[in-house]
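Step one of this worksheet: look at the structure below.
The values are calculated or read from the model by the stated rules, or taken from the named source; none is laboratory data. This is a predicted model, so every value here is computed, not measured. Positions of Cβ are backbone-derived with ideal geometry, glycine not excepted, and every protein chain shown enters the neighbour counts.
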Amino acid sequence: MLAAAAAGSVRVAILGTGRMARAAVDAASAQAGVVVTALVGPQAPDWDTDLAWCAHLDELPDTPELLIDFSLPRGTETAAAWCRERGVPLLSGVTGLPDAVRAGLGQAAERIPVLWSPNLSLGVNLLADLAARAAAVLDAATPVLIEDIHHQWKKDAPSGTALMLGSVVTAGGDGDGRAIEYQSRREGEVIGEHTVTFRMAGEEISLVHRAGDRSIYALGALRAGRWLVAQPAGLYSASDWLAGR
């Protein structure tokens with residue numbers, strides 16, 4: 001069954017049928033201006049839903065106005081090519097992308113708006129902004145520890161968000177090559193916790209973000225997606241979206 005879109009709403013298909021896809025569907029039900037029309041993935045959703053489900057993008061009953069990608073790197077690669085060919089904006093929150101897939105997103109961005117971010121939580125991106133500001137103020141020799149804790153099934157370590165935080169710390173210090181140590185833990189059902197610690201002589205500063213619900217990522221993706229469909233072709237980040245809020 002294809003969900004009906006209210007006038008002015010962005011019709012969204014979601015690539016992925018796991019936890020994040022479910023969170024996005026739930027968030028969309030309470031988010032004005034966005035309607036999920038279909039789910040795509042090799043496995044059917046394991047929850048009750050009336051949404052259309054397709055095993056492959058080519059089987060979608062209708063071309064969406066936006067594709068949100070919560071799959072795996074191989075799915076992201078397919079999504080980039082499919083969206084580029086059909087002119088569909090693409091938002092991806094998949095982490096652990098190899099260079100070839102990142103290059104594919106760049107190629108797609110030559111024709112469509114593409115936003116890739118390992119984390120679309122407003123709080124995480126505020127954490128990144130604060131970490132970049134701290135790095136710009138502190139001496140380049142200040143060691144930095146970035147810790148991430150996630151549920152036991154998360155495979156990539158450090159997490160994509162931890163690596164994003166490392167990149168903004170480096171950029172915030174004008175690419176000064178400061179020493180960054182990463183530590184990752186995988187345990188239980190932890191949704192996500194990230195800490196950036198600056199270890200100065202005789203004192204430390206720690207910036208922490210704790211996620212209590214996956215809905216923060218899903219809601220951020222939907223809001224960023226609404227922003228993205230109004231943008232020209234190009235490769236965007238979460239900071240671009242936040243700057244345009």
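Among the residues of region 104-117, are any assigned by TED's automatic domain parsing to the domain that holds PHE70, farther than 21 Å from TRP227 by Cα and either small (Gly, Ala, Ser) or in contact with a strand residue (DSSP E or B) (Cβ under 9 Å, 6 or more places away or on another chain) (or both)?
yes
Across region 200-214, which residue is farthest from ALA109 (Cα to Cα) among those that are at pLDDT below 95 and surrounded by 16 or more Cβ atoms within 10 Å (Cβ to Cβ)?
Filtering first and then ranking leaves ALA211.
Across region 63-92, what is the total count of residues that are surrounded by fewer than 24 Cβ atoms within 10 Å (Cβ to Cβ) and assigned to a helix (DSSP H, G or I)?
Summing the residues that are surrounded by fewer than 24 Cβ atoms within 10 Å (Cβ to Cβ) and assigned to a helix (DSSP H, G or I) in region 63-92 gives 10.
Does GLY96 meet the test of being free of Cβ contacts under 8 Å to residues at least 60 places away in the same chain and out of contact with any strand residue (DSSP E or B) (no Cβ under 6 Å at 6 or more places or on another chain)?
So GLY96 fails the test.
From the list TRP47, TRP53, exactly one residue is outside any helix (DSSP H, G or I), surrounded by fewer than 20 Cβ atoms within 10 Å (Cβ to Cβ), at pLDDT 95 or above and more than 20 Å from the chain's Cα centre (by Cα). Which is it?
TRP53
More than 28 Å from GLY106 (Cα to Cα), aliphatic (A, V, I, L, M) and either in the same structural domain as VAL101 (by TED's automatic domain parsing) or surrounded by fewer than 19 Cβ atoms within 10 Å (Cβ to Cβ) (or both) - does that describe any residue in region 19-26?
no
Out of all the residues in region 193-244, which are β-branched (Val, Ile, Thr) and assigned to a helix (DSSP H, G or I)?
Once the filter is applied, which keeps residues that are β-branched (Val, Ile, Thr) and assigned to a helix (DSSP H, G or I), region 193-244 yields only ILE216.
Going by the structure shown, is GLY166 more than 28 Å from VAL12 (Cβ to Cβ) and not hydrophobic (A, V, I, L, M, F, W, C)?
Considered against the rule, which asks whether it is more than 28 Å from VAL12 (Cβ to Cβ) and not hydrophobic (A, V, I, L, M, F, W, C), GLY166 comes out as yes.
Which residue pairs have Cβ atoms under 9 Å apart, sit 6 or more places apart or on different chains, and have a first residue in region 224-245 that is in contact (Cβ under 8 Å) with a residue 40 or more places away in the chain and among the charged types (D, E, K, R) and a second that is surrounded by fewer than 16 Cβ atoms within 10 Å (Cβ to Cβ) and in a loop (DSSP other than H, G, I, E, B)?
Hits for this filter: ARG226/GLY33.
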